[in-house]
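Working notes, structure below.
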Amino acid sequence: MRGEPSCPRCGGRVRAPGLFTDTWQCDAHGAVHPLQPVVPPSVQALGVAVARAEVPVWMPWPLPVGWLFTGIAHAGDDLSGARATAVACSGPGPLGGPGELILVAEEIGVGLGARFAGLSGADPGDSLAFDQPPHAKVHATGRPTALWHVPDVPDDRAVFVGEARGLWLWAVVWPERSGLLMYDELVLTDLRDAGAELDLIPCGALSPRLIG
């Protein structure tokens, strides 16, 4: 399931650095951190991505009952390391039926979280009232972390965003009603700190959300 790097914002083709530029280039979005091809989920693939990450690799840990790790994507190259990571998990939704969750950690301007959220910009934009009380909270590496519900996203998902370790933290949940999961104060672990616990993570089939 190998492929070529792509734009983290639109999935379009990107040009590698060359004589006239030292950055990856997308015709629509200019300089970008390239989204690397997604491979089937495995502990080995997860370990490789974690080793390259310059940003957190967030995962609910322990996973909710019945949930599985279903893939990881990262944006960046061998020189810069991963400047954005997206971890997918799937399992039974809180109201029945299947649910899916993608957690994204990224630097400002990368745009991977906004892509999964269904937004046109690279970041949450001005529609969020960060000066208002948050709508949900998670515990990210032991710290209470506020999340705000993102309006004006496609009807099939619920999107929350906040800040953790000085970076964007996105939580995108399908279907929309499974967004109730985010009101349970999930405990998130940065898998860069997990060590041997990586070997205990149960893996499922690759989430099509990561390659759509």
Worksheet entry | Odd one out for residue 61 among (1) more than 17 Å from residue 138 (Cβ to Cβ); (2) open to solvent by 40 Å² or more (accessible area, probe 1.4 Å) | (1)
Practice prompt. Please state which one of 49, 31, 86 is assigned to a strand (DSSP E or B) and either open to solvent by less than 60 Å² (accessible area, probe 1.4 Å) or aromatic (Phe, Trp, Tyr) (or both).
Written response: 86
Practice prompt. Name the one entry in 181, 128, 188, 206 that is of a type in the set (A, V, I, L, M) and either touching a His at 6+ places or on another chain (Cβ under 7 Å) or open to solvent by 80 Å² or more (accessible area, probe 1.4 Å) (or both).
Written response: 188
Practice prompt. Select from the stretch 81-134 the residues that are touching a residue at least 24 places away in the same chain (Cβ under 8 Å) and of a type in the set (D, E, K, R) and list them in ascending order.
Written response: 83, 100, 106, 107, 115, 123
Worksheet item: Looking at this structure, is residue 38 open to solvent by less than 20 Å² (accessible area, probe 1.4 Å) and either of a type in the set (Ser, Thr, Tyr) or in contact with a helix residue (DSSP H, G or I) (Cβ under 8 Å, 6 or more places away or on another chain) (or both)?
Response: yes
Response to the item:
When restricted to 181, 147, 206, 169, the only residue touching a residue at least 24 places away in the same chain (Cβ under 8 Å), closer than 21 Å to residue 94 by Cβ and not in a strand (DSSP E or B) is 181
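The values are calculated or read from the model by the stated rules, or taken from the named source; none is laboratory data. All figures in this text were calculated on a predicted structure; none of them were measured in a lab. Counting neighbours? That spans all protein chains shown, and the Cβs are built from the backbone with ideal geometry, glycine included. The protein model used for the area step is the full one, side chains on, heavy atoms only, and it has no ligands, DNA or RNA in it. Shrake-Rupley method; radii C 1.70, N 1.55, O 1.52, S 1.80 Å.
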